[in-house]
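Quick note: the coordinates plus some simple rules give every number you see, no bench work behind them. This is a predicted model, so every value here is computed, not measured. Neighbour counts run over all protein chains shown; Cβ positions are idealised from the backbone, glycine included.
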Amino acid sequence: MARMSLPPQPQDPSSWPTGNVEQLEPLVARVLAPNPSPFTYTGTQTYLVGDEEGVVVIDPGPADPAHLDALTSAIGERPVVAILCTHTHRDHSPAAAPLAQATGAPIIGCAALHIHSDEPRVDAPFDQDYAPDRTLADGEQISGPGFTLTAVATPGHTSNHLCYALEESGALFTGDHVMGWSTSVVVPPDGDMADYMASLDKLYAREDRIYYPAHGPAVEKPKQLVRGMAGHRRQRERQIVKLLGEEARSIAALVPVMYKGVSEKLWPAAGQSVHAHLIDLERRGLATRSGDIWAIA
């Protein structure tokens, strides 16, 4: 999901290897879905973990016929041990059901969420049809021929977000929680800034070798990136506190000041994360609100 200082967007999506199988390491391959956008960068990256004896599919992506055909081709005759989803935004999980029907594999991983809110969203809405055969708790594992994946609960971007650690290689599949091209948008009411920060701290304490996010390039220096992301969020919180200390303001008044060098097209996304920060400050007794006006407590 979009960061407020974005790298250049891909000008020609056809120049990206959509539908191709890219072998990243012996047990990990990647297939890019054809859904580039300001919130998905070049598109959703589906990962195949395993070898010729069997694979797990992580984040099958949108139920796009071309993407499903590409996944089916990439899987070939190999048995599919399971289909795992990191969370249930519609750019991640809708292909799980048709892929399960085609392969006979169970859908395992994050819990289902049924979020009904009148608030407009700037990111992908939730997949209301997602129905896992089994959910994984933090630390639970799923194994296949020659590999083991461990669920790492990382709520914040969404309450049901899971990462998956490949024990054999030290890789972590981070979904939308940590991405090299962007920080995640945290959208209340399901997205929670306190949870997001705690999940960043949790990943920082780990010793993963590399991150494979659902969008953007692999992260080869995980601790450095996570430290920077946490610092960025804390800087935004300090900025909010400073501005509210000057005068009470609405989110609509905060965003242009905080993101004055950023395209106005991204202000709605910025406002969602500012809202998440304000809710966190309110819970900690550091901010109050009256209607849509926020002030220092």
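Under a Gaussian network description of the chain, with springs only between Cα atoms under 10 Å, the residue in Met197, Met258, Met229 that fluctuates furthest is Met258.
Considering only Asp208, Asp138, Asp176, the Gaussian network model of the chain with Cα springs below 10 Å gives its largest mean-square fluctuation to Asp138. Could you work out how far helix 193-204 tilts from the main Cα principal axis of the chain, as a 0 to 90 degree angle to the nearest 10? Around 50 degrees separate the two axes. Report the percentage of all Cα-Cα pairs in region 13-231 whose separation exceeds 33 Å, rounded to a whole percent. Result for the distance tail: 7 percent. Listed by chain and number, the lysines whose alpha-carbon sits under 19 Å from that of Lys223, ignoring those within fewer than 8 places in the same chain, are Lys202. Modelled spin-label separation between His232 and Ser73, with each label point placed 7 Å from Cα along the Cα-to-Cβ direction: 3.4 nm. Under 5 Å from the amide H of Ala287 lie the amide H atoms of Glu282, Ala297, each residue being 5 or more positions distant or on a separate chain, with H modelled from the backbone and absent for Pro and chain starts. Please report how far the C-alpha centroid of region 18-32 lies from that of region 37-71, rounded to the nearest whole angstrom. Region 18-32 and region 37-71 have Cα centres separated by 9 Å. 3J(HN,Hα) couplings calculated from phi for region 97-107 with the Karplus curve 6.51 cos²θ - 1.76 cosθ + 1.60 (θ = phi - 60°) are, in sequence order, 5, x, 5, 5, 5, 6, 10, x, 7, x, 9 Hz; Gly and Pro show x. In order along region 283-297, the phi-based Karplus estimate (6.51 cos²θ - 1.76 cosθ + 1.60, θ = phi - 60°) of 3J(HN,Hα) comes to 5, 8, x, 9, 9, 10, 9, 9, x, 9, 9, 10, 9, 6, 6 Hz; Gly and Pro are listed as x. Under 28 Å Cα to Cα from Lys260, which lysines show up? Leave out anything in the same chain fewer than 8 places away. Excluding near neighbours in sequence, the set is Lys242. Here is how the number arises for the chain: DSSP H runs of 4 or more residues each give -39500 (n - 2.57), the sum is divided by the residue count, and the result at 222 nm is -8500 deg cm²/dmol. Of the peptides 59-71, 262-274, the order by per-residue mean of other Cβ atoms within 10 Å, starting with the highest, comes out as 59-71, 262-274.
Rounded, prolate or oblate: pick one for region 220-265, where a ≥ b ≥ c are the square roots of the eigenvalues of its C-alpha gyration tensor, a/c under 1.5 means rounded, and failing that, prolate if a/b is larger than b/c, else oblate. Before the final figure, lay out the partial values.
Values: a/c = 4.19, a/b = 1.81, b/c = 2.31.
Cα axes put region 220-265 in the oblate bin.
Taking label points 7 Å from Cα along the Cα-to-Cβ direction, Thr135 and Gln224 give a separation of 3.8 nm. The angle between the Cα long axis of helix 65-75 and the longest principal axis of the Cα atoms of the chain comes to about 50 degrees, rounded to the nearest 10.
Taking the inverse of the mean 1/r over every pair of distinct Cα atoms in region 233-296 gives a Kirkwood hydrodynamic radius of 11.6 Å.
Relative to the Cα centre, what is the charge dipole magnitude of the chain, using +1 at the beta carbon of each Lys and Arg, -1 at the beta carbon of each Asp and Glu, and rounding to the nearest 20 debye?
Values: 23 positive and 36 negative charges, 259 e Å.
In total the dipole reaches around 1240 debye.
You can think of it this way: the chain between Ala252 and Thr148 has 32.8 nm of extra reach, that is 0.36 nm per residue less the Cα-Cα gap. Comparing mean-square fluctuations of Pro26, Pro36, Pro155 from a GNM of the chain with C-alpha springs under 10 Å, the top value falls on Pro26. Toward the positive end of the charge dipole of region 13-231, with +1 on the Cβ of Lys and Arg and -1 on the Cβ of Asp and Glu, the farthest Cα among Cys163, Ala82, Gln101 is that of Cys163. Positive-end ranking of Ser199, Ala270, Thr44 along the dipole of the chain, with charges on Cβ about the Cα centre, is headed by Ala270. Glu207 to Arg289: FRET efficiency via 1/(1 + (r/R0)^6), r the Cβ-Cβ distance, R0 41 Å, to the nearest 0.05? Efficiency, from the Cβ-Cβ distance: 0.50.
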